[in-house]
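The block underneath contains the structure these notes are about, expressed in structure tokens.
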Amino acid sequence: MTLLLSNTPGDIAKAAQLLQQGELVSFATETVYGLGGNACDDQAVAGIFEAKGRPRFNPLIVHFPDSQAAAQEVVFSQTALKLASAFWPGPLTLVLPRRADSRISLLCSAGLDSLAVRVPAPETARTLLRKAGCPVAAPSANRAGKISPTRAAHVMDELSGRIAAVLDDGACKVGVESTVVSLTGERPALLRPGGLAREEIEKLLGSPLDSPCTENPVSSPGMLKSHYAPQAALRLNATSIKPEEAFLAFGDEHEAKGKAHFNLSPAGDLREAAANLFAALRELDRPGISTIAVAPIPDRGLGQAINDRLQRAAAPRDS
Ligand code: TXA
Ligand code: MG
């Protein structure tokens, strides 16, 4: 059952409480409806991918009630401060270096060292974020491959039964996703055109934005470098483990094998496995371990996104 909540104080408080409990709540931003979950809760973030049916762990945007709250998780440069004070709250997302002490789930940033952050405009959204008291990860609230929703009814059509609630705050005023600007490279770069015009940003900065490969920013060469790839090689679908290997297990096992060992989910639960994936890779990727053997992961539901990530980590890479 998915609750349809209205934008009254009581219902906003209810939605905030659901987020605190690790449940998923769709809420309106000025751009599109987001599918929100507590960004610090690995299981909630895994649940977002599950509800969307996303075959890939694309990094998610994390939403805050104001820039002070965002500054607890990312490092603001002078340029970032300038953009944030000019355009927040509003349809601009900034990709900034993640703070070393950030509490945000690694799954949320898909293992990257950067984090996409934004402060949405509607009063209801910011009240919700303030009351929830946690950063909220939210992609657009549509099923994978479908168009982004701009009304509560669109979200109900696609996600009813898959999430705890939809907080109805009317139609989204902008109707297209936020503009995504990365400040992690040498120069500010436009990763995704959106609700805030490029020209406005360039006027404020006094210089043109770089445009890396706009179709697929995250896999453009510049971005790929910052993608987390283990130092160790990955051996997928391993059914036997060599003593010098580390073992990334899944499901039932009789004994811990290998030089180091991490079970993504002893119970064989794909959501739990997704929630643990990036932390597990970091944990096993230690000096002295040249290969991580990975147990077969079922290729259904979240297993597809897990396998996609593992295959990319296992692919030959440039040194
Ligand atoms: O308007 C919006 O931005 C909506 C509302 C709900 O806020 N959200 C949204 O999220 O469109 P999503 O997940 O559909 O798109 C996130 C975009 C993708 O293009 C993703 O690649 C980029 O942000 N992104 C997120 N984190 C990133 C990172 N660390 N580095 C580079 N790009 C990132
Ligand atoms: Mg989307």
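Before moving on, here are some points about what is shown:
- Those helices (runs of 4 or more DSSP H) of segment 8-109 in which at least 1 residues are among the acidic types (Asp, Glu) and open to solvent by less than 50 Å² (accessible area, probe 1.4 Å), considering only elements entirely within it, cover 9-20.
- Residue satisfying all of: in segment 140-170; without any contact (Cβ under 8 Å) to a residue 40 or more places away in the chain and not in a loop (DSSP other than H, G, I, E, B); nearest to ligand 2 (Cβ to nearest atom) among these: GLU158
To keep it simple, each residue is scored yes or no on (1) within 14 Å of ligand 1 (Cβ to nearest atom); (2) within 30 Å of GLU283 (Cβ to Cβ).
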residue: THR2; (1), (2): no, no
residue: ILE12; (1), (2): no, no
residue: ALA46; (1), (2): no, yes
residue: GLY53; (1), (2): yes, yes
residue: ARG56; (1), (2): yes, yes
residue: VAL74; (1), (2): yes, yes
residue: ARG99; (1), (2): yes, yes
residue: ALA110; (1), (2): yes, yes
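- Within segment 286-319, the set of residues being modelled with pLDDT of 90 or more and touching a Pro at 6+ places or on another chain (Cβ under 7 Å) comprises ILE292 only.
The values are calculated or read from the model by the stated rules, or taken from the named source; none is laboratory data. Model, not experiment: these values are computed from the prediction. Cβ sites come from the backbone with ideal geometry, for glycine too, and all protein chains shown count toward neighbours. Accessible surface areas use protein heavy atoms only, side chains included; no ligands, DNA or RNA. Shrake-Rupley method; radii C 1.70, N 1.55, O 1.52, S 1.80 Å.
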